[in-house]
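Visitor: Quick one: the structure is below, and I'll ask about it shortly.
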Amino acid sequence: MFHLFYGWCFSSFRFDIYRKVPKDLTQPTYTGAIISVCCCLFILFLFLSELTGFIATEIVNELYVDDPDKDSGGKIEVNLNISLPNLHCELVGLDIQDEMGRHEVGHIDNSMKIPLNNGDGCRFEGHFSINKVPGNFHVSTHSATAQPQNPDMTHVIHKLSFGDKLQVHNVHGAFNALEGADKLSSNPLASHDYILKIVPTVYEDMSGKQRYSYQYTVANKEYVAYSHTGRIIPAIWFRYDLSPITVKYTERRQPLYRFITSICAIIGGTFTVAGILDSCIFTASEAWKKIQLGKMQ
């Protein structure tokens, strides 16, 4: 009975994965000390790198076909800021029209005109909404009581954006593609067409809150337009169409289990490689000593 119990205990010891290291592997050496220090520094470097990656958030983007902001009532908010240094403010107006039948001349809600150059020029700032259908809005003299003889439509666009403003450093896109567009050296009587392709964009932060904005690409052309009476009536047109593709940016953070797995892999892998390296150096050193002793004899 005693032998049976002893045999069972002895066999169960084999399941111990934390066995003692053989004595011949515990002999301290200068090489082992150097490798150990380098090993610890390397582990610390990788640990800090993984910790930085774990704390920081990453931005994941995806594309899909949908209308992301269904609660907007089919509207898109527009912010326009443009300077016309050679056109009086009383002549400047904003007109909006689209394929749903909207045709508004001289839109004035949420807009402001700031005189420039002692009243000879004007800076127009407007905040308005457009329908989610193809259409256009344009700055012109169409709403003026008396049409000028030679309206000067040279201009500088400071801002043209759609939807919410995204103040996120990791997201780079054409949210204000026309910023800084300078047409001061163009033909004063020329009309300007800016053809915009608007792309809906969604940004979802770590809390799940979503913000809706719009990127856009732009192409432009310049031409002289004549009315049916033969007069030149220039305007600055912004013709837009919406893309069915939506771009979504999502903030994500590395899961905790992945961070722990990486740290365990770093520590275990580094010590394993360091142990192999130290063992090879120690074996080679012992072999070299034996060779030297053989030569001395």
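Visitor: Of (1) under 33 Å from the mean Cα position of the chain (by Cα); (2) open to solvent by less than 40 Å² (accessible area, probe 1.4 Å), D152 satisfies all except one. Which?
Guide: Evaluating D152 over (1) under 33 Å from the mean Cα position of the chain (by Cα); (2) open to solvent by less than 40 Å² (accessible area, probe 1.4 Å) leaves (1) as the failure.
Visitor: Hey, could you check the range 109-128 for residues that are surrounded by 16 or more Cβ atoms within 10 Å (Cβ to Cβ) and of a type in the set (G, A, S) and say which is nearest to the chain's Cα centre (by Cα)? I'd like the intermediate steps shown before the answer.
Guide: Residues of the range 109-128 surrounded by 16 or more Cβ atoms within 10 Å (Cβ to Cβ): 111, 113, 116, 121-126, 128.
In the following step, the residues that additionally are of a type in the set (G, A, S) were identified as 111, 121, 126.
On the way: S111: 30, G121: 37, G126: 27 Å.
Restricting to residues being surrounded by 16 or more Cβ atoms within 10 Å (Cβ to Cβ) and of a type in the set (G, A, S), the top hit is G126.
Visitor: Quick one: which residue in V139, V105 is surrounded by fewer than 16 Cβ atoms within 10 Å (Cβ to Cβ) and among the hydrophobic types (A, V, I, L, M, F, W, C)? Can you show your working first?
Guide: Values: V139 fails: surrounded by fewer than 16 Cβ atoms within 10 Å (Cβ to Cβ).
Only one candidate passes the filter, namely V105.
Visitor: A further question follows. Based on what the data block shows, is D182 open to solvent by 40 Å² or more (accessible area, probe 1.4 Å), acidic (D, E) and either over 36 Å from the mean Cα position of the chain (by Cα) or closer than 20 Å to I76 by Cα (or both)? Before the answer, list the steps.
Guide: Values: open to solvent by 40 Å² or more (accessible area, probe 1.4 Å): yes; acidic (D, E): yes; either over 36 Å from the mean Cα position of the chain (by Cα) or closer than 20 Å to I76 by Cα (or both): no.
Taking the combined requirement at face value, the residue does not satisfy it.
Visitor: Give just the number: which of (1) buried (at least 17 other Cβ atoms within 10 Å of the Cβ); (2) modelled with pLDDT under 85 does L94 not satisfy?
Guide: Of (1) buried (at least 17 other Cβ atoms within 10 Å of the Cβ); (2) modelled with pLDDT under 85, only one is false for L94: (2).
Visitor: In this structure, does G135 turn out to be out of contact with any Gly (no Cβ under 9 Å at 6 or more places or on another chain) and more than 20 Å from S185 (Cα to Cα)?
Guide: Details: out of contact with any Gly (no Cβ under 9 Å at 6 or more places or on another chain): yes; more than 20 Å from S185 (Cα to Cα): yes.
Taking the combined requirement at face value, the residue satisfies it.
Visitor: Also, quick follow-up: Can we say F282 is buried (at least 16 other Cβ atoms within 10 Å of the Cβ) and touching a Ser or Thr at 6+ places or on another chain (Cβ under 8 Å)? Don't jump to the end; show me each part of the working.
Guide: Numbers: buried (at least 16 other Cβ atoms within 10 Å of the Cβ): yes; touching a Ser or Thr at 6+ places or on another chain (Cβ under 8 Å): yes.
Answer is yes for this residue.
Visitor: How many residues does the range 70-108 contain that are touching a Lys or Arg at 6+ places or on another chain (Cβ under 9 Å) and within 30 Å of S207 (Cβ to Cβ)?
Guide: Residues flagged as touching a Lys or Arg at 6+ places or on another chain (Cβ under 9 Å) and within 30 Å of S207 (Cβ to Cβ) within the range 70-108 amount to 5.
Let's see how each residue does on (1) without any contact (Cβ under 8 Å) to a residue 60 or more places away in the chain; (2) assigned to a loop (DSSP other than H, G, I, E, B):
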| site | (1), (2) |
| --- | --- |
| M153 | no, yes |
| L184 | no, yes |
| E222 | yes, no |
| T229 | yes, yes |
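Visitor: Any idea how many residues of the range 50-84 are in a loop (DSSP other than H, G, I, E, B) and not aliphatic (A, V, I, L, M)?
Guide: The first filter runs over the range 50-84 and keeps only residues in a loop (DSSP other than H, G, I, E, B), leaving 56-57, 66-69, 73-74.
From what's left, not aliphatic (A, V, I, L, M): 57, 66-69, 73-74.
Of the residues in the range 50-84, 7 are in a loop (DSSP other than H, G, I, E, B) and not aliphatic (A, V, I, L, M).
The values are calculated or read from the model by the stated rules, or taken from the named source; none is laboratory data. Since this is a predicted model, take the numbers as computed values, not measurements. Counting neighbours? That spans all protein chains shown, and the Cβs are built from the backbone with ideal geometry, glycine included. Calculation scope for accessible area: heavy atoms of the full protein, side chains included, ligands and nucleic acids excluded. Shrake-Rupley method; radii C 1.70, N 1.55, O 1.52, S 1.80 Å.
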